[in-house]
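The values are calculated or read from the model by the stated rules, or taken from the named source; none is laboratory data. This structure is a prediction, so every number in the text was calculated from the model and none was measured. Virtual Cβ from ideal backbone geometry, glycine too; neighbours counted across all protein chains shown.
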Amino acid sequence: MRTFQFSSGVVGRDMGRTRAGCYLRDRGLSKQTRFRMAIMNRPSLRDLSHTWDIAYPPFKPRELAFQAFRGFCNTQQVVPPGKESSHMRFLSIIALLALTPMLACSGDEEPSTGNKGGGAPIPKPTCAEGEINDPLAGHCVAPLGASLPCPSGSFLDAHQWLSSEERVLYVEAGALGGDGSAKKPLGSIAEALSGGDTSVVIMLAKGTHPAPEQIAGSERTIRLIGACPAETAITGPVKVNQGSIGLSALEIRAGLTVTEAKSVELHQLVITNPDGDGIAIDGSSLDKLDLWHSEVGETGRHGITSQNAVGWWTIDGADFQGPIGGDGISIVDFGGSQFKFRQSMIGQVAGSGLRADRALGWWTIDGADFQGPVGGDGISIVDFGGSQFDVVETAFREVAGDGINGQGAVGWWTIDGADFRGPIGGDGISIVDFGGSQFTVAGSEFSQVSGSGVVAFQGAGEWSISRNVLSGPIDEDGLRFMAFLSGSTLNVSENTIAQVGGAGLRLDGGEGNATLSGNQITGTGSLGMDIANVASGSTVQLSDNRIENATGVAIGLETSAAEMILSGNEIVGTGSGDVGGADETSAYGFGLTLLDVGNVTVHQNHVQNNRTAGVLVDLEFWGYYADRSDLVGTANIDINENECTGHHDPETLEETNVVIQNVDDGHNVTVDNDREVPNEPSLGAESSYAMKRGRDRRAQNCGDGVQQRWESCDDGNDVDDDGCSNRCETPTCGDGQVHGEEACDDGNNNPFDSCNNQCEAVYAQNLVVSDFHLCGLCGEGRVCCQGKNTNGQLGQGNREESVAPVRVPNLQHVVEVVSGAQHTCARTRIGRVACWGANAFGQVGNGSDDGSDRPSWVVTEGNQILSGAVRIFAGDHTTCAVKHNDSVFCWGDNRKAQISATADAPEYMTVGTQVVSIEGSVEIAIGAYHVCRLNQEGEVACWGDVDQGAIGSSPNPNHCPGVEQNYNYCIGTPIDVSFPGDATAHTVDSGTGFSCAVVGPERKVYCWGSNASDGRLGHGDPDRSSTPTAVESNNGDLTGILRLALGPAQACALRNNGTAMCWGNNDGGRLPIARNNRQPWVPQPLLRESNQPNETPPLEGINRLDLGMHSGCARSSSEPAGLYCFGKIYNGNEFERYDRATRLSFGDD
């Protein structure tokens, strides 16, 4: 007897139309068949997922079962568990079906060619070594188009398409007077297509054939068959419009474009197109696409690209060897029903191997080989709305980004038997915002990964990570799960993890339930298992795990109110490592640490021979976390029936199997049924474990002047009523400390700056203005751009300009946008940076100096994706990122030593390069040829071009890298900039040859550098200044300034009353100030449009302001709120002048 399995769940939509879909599939290895049913127009059923197993004999009629199955589909019902009895008669009929791979309900019938509906393949003949079955020829052939043997004659003499009833015509390029027979062939493909509207098979002779203007068939079928790809080629773009098309045994040298076709069958082809896409499909009417045993060679853009496609897609045995200038496969807005990528190879690809944005349906990646080098992710999936995504027995080799990257997905995901043995520049698997029902990673192998093996952020549904081998080297964590959502479950079991630089398994934050069992973790560079910040109401169970030779801590539990149960774990041989503490203390190795946790049971574990202590309990900061209301009350910790031996204090040699410290009265801590546990402050005169809190926590006391992340403030005293309590707590927005629900707190209550008086981060409305384009965040972490697109700075994958904002595709979770003269960069919330646009100086940072019209990840040396960025900054041709560890990486123009002044430094830095002299920077201001930085102490230093005093005083300039001219001098190390009275700066910005800073308690503006006869220094005269000079308005010094915006030769200052003052170059009305004021030497109010004659009010409520070369924009919260722009704005035909700030729509406005 065999077994069927019946499941219900969502299977997908088709171009906005809802429908029911049922599937029956036989998984041969498991001897089970899955029935899948979904009722898309029954919202109450969308979240149901139930399973029944039914035994059946393998010899009953298939037709009867099919009719019964289809009848059940049409009822549009799902039966919950326990209610199956009324349907047993139906299920008995279903059980008669033995071998059907998959059946679809009405409206979902799969086309006849190829595999059926994602199930078992059609039986194939046994082929000799080096050959494969060709389903069209019906026999074994050479595996790929390029190696298909050629016939001895001019035409191929055997092909399955020749057995059809369609008319057959023969074509030999240049032949004259033919009748279409093999002996008298026609002279061109166009001539063969001109004979009416009937279906036709066209046999092409060896040689080169010009492509017709288009292949249009209305409702007819047109098939072109060459002799062999090595000797039969079509030159010129092949354009298919309508009908059904088949191409076989050909070389296509200028790409294939398909529009409004119903069916496309491509077999044994070689496709190249150095100037564009290999295959481009507008698939809104497409029912089926098959690409079998073909090669995609050199393409200028994508190997395959498609928008608005539907239907059944099968890519089987294809070789995308490249070089491919974009993605191997790029799919946007796929409406279903199924996409299969089987037994195919991705080779040299500049972008991602397979990229899909907003896809529906059922996707299967089976037996694929992402051999690389792949410049982006192996597989990149954004906003997947389909039913299922399977990656089975697929290999990821040389991949610069993540092996698999998923963002915003739903459905059932399975990654089974995959090979992530790299080298992989990012994470093996990275999943963000998964909202589906189930995610499984099983039986896969990970090594040579620069990031983590598996990373998941904000997951929902059921997660299973099991039987995987992470053998390393893996630079970061083996498995990392962050901020899982309420109701989610995480099961991590039977994984083997070794040689990871970070933690073996890290669970950080969230409200779901987790079970971690049967895992083997050895030799980690940090904790073996790190469980932290799990909320109350959750449960975490750790059982039967073995952690051996971890560094610092084997299992660390920290700042969690969840119920945690540890049983049957083996914790052995934890070695020394940096687990926090003062710099002068020794490193320690703990078996198990319980730090500020409230509900933990530790029973029947084996804890042995860890360097310092077996178990450490420390509740020093329990109840002191201002942002965690669940970390209060009585803590309950039960440690019983454990085998804990072999731990000795390094000073006294006394046993330290279980150490309890910093536990106040009232907590319930039990060790071996004894509640009277010694509460030791330390185990030796200098070895208090309170100084070693794991994961770089420095447990200093409140009042020492050092603010820790669990403190809301720390003013260096124990006074309770001075604004910072003796418990280091503060309750109000505007105190300069982020706590509770605050997204930011900049220390003031100004409603108009980047952190408003509700402590809401206004940077979410980020916008940047460049020479001829504008970009900004436009809702849901997306980026929109508009304007000129000469260098691809709109990020659309083309050079088409747009007068309206267009969303940058394949980019989401963005929190910050910056731009240079003609390039744009975006930082995602996980700390990566993507750039696009002009790249002659390497300012895109993707490792080349070729322009990029779509986003690509910034990489560092070794083609590793830059990660950990917390701020980004851009100048004309140079870009920089500040990382979470205070290091700074820059890329782009280095002709004036903006990035590196070493003797061998190139003029153009095409990858992110660490600038070692400016650690601790909080702002980087990049001018045209110089850079300034602001550090945490408010000190400003500048370097680069010494001309005009832009970097302040520069007594000893040096020659710039790679430049021999005597007059070309620069400074490659930061030169301190001093302000009157040794005042410190709040912010700094740079333009072309000049810089400005907001300084001192009065928040005055000081500028220095070139004045260029246009007043950009704002001090009332044309002289340049190498020392900072106060900017003066008509009413005195410019004070009360929150933020600066500098263009190439003009500047604006945002005041604390929500207005702005501007000065500098006003050619062409690039500043919205008083008319006829061409070069305002002193600041003038920024004015807005008005419906009243002779009225020019200032623009108020400004919370964001940016300037480009010819224009600028501001966001205002004053009614009518929105985006206001001024200067020269491109309208599609010319630049239109706005000499007042005028409200324009952008993104979600």
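Scanning region 357-370 for residues that are under 23 Å from Pro855 (Cα atoms) and either modelled with pLDDT of 95 or more or assigned to a strand (DSSP E or B) (or both) gives Asp357, Phe370. If you check Gly207, Gly226, Gly236 for being more than 20 Å from Gly303 (Cα to Cα) and either outside the structural domain of Asp290 (by TED's automatic domain parsing) or surrounded by fewer than 20 Cβ atoms within 10 Å (Cβ to Cβ) (or both), only one passes: Gly207. So, Gly353, is that one at pLDDT 95 or above and either among the small types (Gly, Ala, Ser) or surrounded by 24 or more Cβ atoms within 10 Å (Cβ to Cβ) (or both) or not? Considered against the rule, which asks whether it is at pLDDT 95 or above and either among the small types (Gly, Ala, Ser) or surrounded by 24 or more Cβ atoms within 10 Å (Cβ to Cβ) (or both), Gly353 comes out as yes.
Residue pairs whose Cβ atoms lie under 7 Å apart, sitting 6 or more positions apart in sequence or on different chains, and linking a residue in region 225-241 that is under 21 Å from Leu162 (Cβ atoms) to a partner that is aromatic (Phe, Trp, Tyr) and modelled with pLDDT of 90 or more, are Ala227/Phe155. Checked against the criterion of being out of contact with any Asp or Glu (no Cβ under 6 Å at 6 or more places or on another chain) and on the phi > 0 side of the Ramachandran plot, the candidates Gly523, Gly518 yield just one match: Gly523.
Against the definition (crowded, with 18+ Cβ neighbours inside 10 Å and in a loop (DSSP other than H, G, I, E, B)), how does Leu1042 come out, yes or no? So Leu1042 fails the test. For beta carbons closer than 9 Å, sequence separation of 6+ or different chains, a first residue in region 200-212 that is of a type in the set (Lys, Arg) and a second that is assigned to a strand (DSSP E or B), the qualifying pairs are Lys206/Thr232. Taken over region 335-346, the residue count meeting the criterion of being modelled with pLDDT of 90 or more and either of a type in the set (Val, Ile, Thr) or buried (at least 24 other Cβ atoms within 10 Å of the Cβ) (or both) is 5.
Scanning region 807-821 for residues that are aliphatic (A, V, I, L, M) and in contact with an Asp or Glu (Cβ under 9 Å, 6 or more places away or on another chain) gives a single hit, Ala821. Can you find a residue in region 596-616 that is at pLDDT below 85, under 22 Å from Val534 (Cα atoms), of a type in the set (S, T, N, Q) and surrounded by fewer than 24 Cβ atoms within 10 Å (Cβ to Cβ)? Looking for residues that are at pLDDT below 85, under 22 Å from Val534 (Cα atoms), of a type in the set (S, T, N, Q) and surrounded by fewer than 24 Cβ atoms within 10 Å (Cβ to Cβ), one finds none in region 596-616, hence no. Please tell me if Asp477 is among the charged types (D, E, K, R), buried (at least 22 other Cβ atoms within 10 Å of the Cβ) and touching a residue at least 60 places away in the same chain (Cβ under 8 Å). When the stated conditions are applied, Asp477 does not pass them. Residues of region 272-301 that are closer than 25 Å to Pro149 by Cα and of a type in the set (Ser, Thr, Tyr): Thr272, Ser294, Thr299. Mind checking which pairs have a first residue in region 769-796 that is more than 25 Å from Asp433 (Cα to Cα) and assigned by TED's automatic domain parsing to the domain that holds His823 and a second that is at pLDDT 90 or above and of a type in the set (Ser, Thr, Tyr), Cβ under 6 Å, 6 or more apart or different chains? Close Cβ pairs (under 6 Å, with a partner that is at pLDDT 90 or above and of a type in the set (Ser, Thr, Tyr)) amount to Ser770/Ser819; Gln793/Thr824. Run down Val455, Val432, Val492 and say which single residue is over 29 Å from Gly573 (Cα atoms) and of a type in the set (A, V, I, L, M). Going through Val455, Val432, Val492 in turn, just one is over 29 Å from Gly573 (Cα atoms) and of a type in the set (A, V, I, L, M): Val432. Checked against the criteria, Ser330 does not count as surrounded by 24 or more Cβ atoms within 10 Å (Cβ to Cβ), of a type in the set (Ser, Thr, Tyr) and either not assigned by TED's automatic domain parsing to the domain that holds Gly317 or not in a strand (DSSP E or B) (or both). For region 445-458, does any single residue satisfy the condition of being closer than 26 Å to Ala532 by Cβ, at pLDDT 95 or above and not aliphatic (A, V, I, L, M)? The answer is yes, given that some residue of region 445-458 is closer than 26 Å to Ala532 by Cβ, at pLDDT 95 or above and not aliphatic (A, V, I, L, M).
Per-residue answers, yes or no, for (1) in contact with a Gly (Cβ under 9 Å, 6 or more places away or on another chain); (2) buried (at least 23 other Cβ atoms within 10 Å of the Cβ); (3) in contact (Cβ under 8 Å) with a residue 12 or more places away in the chain:
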site	(1), (2), (3)
Gly487	yes, no, yes
Asn495	yes, yes, yes
Gly504	yes, yes, yes
Gly512	yes, yes, yes
Met529	yes, yes, yes
Asp544	yes, no, yes
Ala554	yes, yes, yes
Ser560	yes, yes, yes
Ile565	no, no, yes
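Quick check on this structure: which one of Val806, Val783 is surrounded by fewer than 23 Cβ atoms within 10 Å (Cβ to Cβ), touching a Leu at 6+ places or on another chain (Cβ under 8 Å) and at pLDDT 85 or above? Only one candidate qualifies: Val806. In region 1015-1032, of all residues being within 15 Å of Asp947 (Cα to Cα) and small (Gly, Ala, Ser), the one that is surrounded by the fewest Cβ atoms within 10 Å (Cβ to Cβ) corresponds to Ser1026.
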